[in-house]
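Structure first, commentary second.
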Amino acid sequence: MSKLAEFKRLEAQLAEQLAALDSLKNDSQLKREIEFETKLKALLAEYNFGLKAVVGILDPKQSRPALAPLDGRRRERAVKRYKNPHTNEVVETKGGNHKTLAAWKAEYGAEAVQSWLQ
């Protein structure tokens, strides 16, 4: 594409975007939203609050993470049970830091050991 053709194409795109921008500037709904945002930011600054604090006041359920327990403690880990099909040995663990499990992963590979999860 020649430089002139590219210039004319970009100029036409710019004219379309400027027309869309002008129509948005005259949109009453957009003006109301801008006014609301401006007043809200001024109110937040006046009372020294942030948006998260306001959401926490208006909807406390929304501000708390969905999976967080109510008493502040972490959820207890589930026991995972692995059975080695080669030796029929069973390992039960709550974490991945088990000595036998690590040895199996070194010998057979992590994907193979993960497939032994029951």
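Listed conditions (1) open to solvent by 50 Å² or more (accessible area, probe 1.4 Å); (2) at pLDDT 85 or above are all met by N97, apart from (2). Could you tell me whether any residue of the stretch 106-113 is of a type in the set (S, T, Y), assigned to a strand (DSSP E or B) and either at pLDDT 85 or above or open to solvent by less than 70 Å² (accessible area, probe 1.4 Å) (or both)? For the stretch 106-113, residues of a type in the set (S, T, Y), assigned to a strand (DSSP E or B) and either at pLDDT 85 or above or open to solvent by less than 70 Å² (accessible area, probe 1.4 Å) (or both): absent.
Do we have L58 as more than 25 Å from the chain's Cα centre (by Cα), at pLDDT below 90 and open to solvent by 60 Å² or more (accessible area, probe 1.4 Å) here? Taking the combined requirement at face value, the residue does not satisfy it. Of all residues in the stretch 88-114, those that are touching a residue at least 12 places away in the same chain (Cβ under 8 Å) and closer than 24 Å to R74 by Cβ have Cβ atoms under 6 Å from Cβ atoms of residues that are assigned to a strand (DSSP E or B) and open to solvent by 30 Å² or more (accessible area, probe 1.4 Å), 6 or more apart or on another chain, in E92/R81; T93/K80.
The values are calculated or read from the model by the stated rules, or taken from the named source; none is laboratory data. Computed from a predicted structure; not experimentally measured. Every residue, glycine among them, receives a Cβ derived from its backbone with ideal geometry; neighbour counts consider all protein chains shown. Heavy atoms of the whole protein, side chains included, go into the accessibility calculation; ligands, DNA and RNA do not. Shrake-Rupley method; radii C 1.70, N 1.55, O 1.52, S 1.80 Å.
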